[in-house]
Amino acid sequence: MTEKKTFVSNVLQCVLFLLYFALLTVERIISLVEAFKTPFTEMLSLDAYMTVLTVLALIGGWAYLIVWGRKLFDFGAVKTENDFLHPCIAAGILLLGGMVHTQGTIPPVQFAAYGCLLVAMLLHTVHGVRKNGNGALRWMSYAYITAFSMAIPVVYATKCVPDTCALCTAFYPIESIASVLLVALFTGMLVRFYRNDGLLTFCPWSWGIAAALDAVVLGLRWHDEINFFVLIFIALTVLIGIVGKVLSSILSPAKEQRK
């Protein structure tokens, strides 16, 4: 019965991962069609950056998945945690293109794609709890990585005019750098999450870097618009990170901490 539950969980996670890729890819292609209605040479620098990043993320994400993560397509194969590591990296590469608000962006479809990934992670958490116990710390890990993913700033234009505002002139490059760095951190976290059966170490530098980068991004835009979504989730990330770090020092089995 346990093996059957593991198999079903693996299949569902594979389906959800592929739905994430499919939904986000379709949405990104639709947005690119809209974006390319403006000739590339006539695009603003920010639009050009977002368009190029989206194209590279689509190509890179799918190429990585097909070359190194293709076992994800074999629903009948019994999978271990390691079989999801390459799909996690591919998902992170694709996410780079999802974190830019290009022309024609369809937010509901993006949220549906991200929701599929989060549900796959939830199933992995359930599997980890059934397999190794330590439910409190594993559910805390799931809450932490979910909050962290939501605290990644999406790159998009502000109402403020950069040419007449020094803060907005600095905002775009800093926001772009912050977004890429936090996607990279999230990807590494996702790999660890799958490798350790849904268990994270709540390393202070990860939520510390996220808090610092988000603080700069939020501060530069504060005079124009307050991004309450990012503000709320970075606060939750720090809070859960601190609580999780304390709990991990108390509850984590030594063998799992060494993974």
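The values are calculated or read from the model by the stated rules, or taken from the named source; none is laboratory data. Just so we're clear, the structure is a prediction, and the values are computed from it rather than from any experiment. Cβ: placed from backbone, ideal geometry, glycine included. Neighbour counts: every protein chain shown. Note: accessible area is taken over every heavy atom of the protein model, side chains too, but ligands, DNA and RNA are not part of it. Shrake-Rupley method; radii C 1.70, N 1.55, O 1.52, S 1.80 Å.
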Here the qualifying pairs (Cβ atoms under 9 Å; residues six or more apart or on different chains; first in the range 124-152 and more than 29 Å from Leu218 (Cα to Cα); second of a type in the set (Ser, Thr, Tyr) and not in a helix (DSSP H, G or I)) come out as Asn134/Ser252; Leu137/Ser252
Condition broken by Gly60, with the remaining ones in (1) part of a helix (DSSP H, G or I); (2) more than 25 Å from Ile232 (Cβ to Cβ); (3) open to solvent by 30 Å² or more (accessible area, probe 1.4 Å) satisfied:
(3)
Residue check for Thr105: under 24 Å from Leu182 (Cβ atoms) and among the hydroxyl-bearing types (Ser, Thr, Tyr):
yes
If you scan the range 28-43, which residues turn out to be hydroxyl-bearing (Ser, Thr, Tyr) and either surrounded by 11 or more Cβ atoms within 10 Å (Cβ to Cβ) or modelled with pLDDT of 85 or more (or both)?
Ser31, Thr38
Is there a residue being over 22 Å from Leu190 (Cβ atoms) and open to solvent by 70 Å² or more (accessible area, probe 1.4 Å) anywhere in the range 71-88?
no
Odd one out for Tyr49, checked against (1) over 18 Å from the mean Cα position of the chain (by Cα); (2) more than 19 Å from Val155 (Cβ to Cβ):
(2)
Output the number of the condition that Val11 fails; it satisfies all remaining conditions of (1) at pLDDT 85 or above; (2) open to solvent by less than 20 Å² (accessible area, probe 1.4 Å); (3) more than 27 Å from Val154 (Cβ to Cβ).
(2)
Selection within the range 1-34 - touching a Ser or Thr at 6+ places or on another chain (Cβ under 7 Å) and either free of Cβ contacts under 8 Å to residues at least 12 places away in the same chain or not small (Gly, Ala, Ser) (or both)
Arg28, Leu32
I'd like to know if the range 130-142 contains one or more residues that are open to solvent by 10 Å² or more (accessible area, probe 1.4 Å), touching a Phe, Trp or Tyr at 6+ places or on another chain (Cβ under 7 Å) and not polar (S, T, N, Q).
no
Can you name the helices (runs of 4 or more DSSP H) wholly within the range 66-181 that have at least 1 residues being at pLDDT 90 or above and of a type in the set (S, T, N, Q)?
107-132, 135-150
Checking Phe171 against (1) among the aromatic types (Phe, Trp, Tyr); (2) more than 28 Å from Ile89 (Cβ to Cβ); (3) open to solvent by 50 Å² or more (accessible area, probe 1.4 Å), which single condition isn't satisfied?
(3)
For the range 196-233, how many residues are outside any helix (DSSP H, G or I) and within 21 Å of Tyr144 (Cα to Cα)?
9
Out of the residues in the range 188-225 that are in contact with a Lys or Arg (Cβ under 8 Å, 6 or more places away or on another chain) and charged (D, E, K, R), which is most open to solvent (accessible area, probe 1.4 Å)?
Arg195
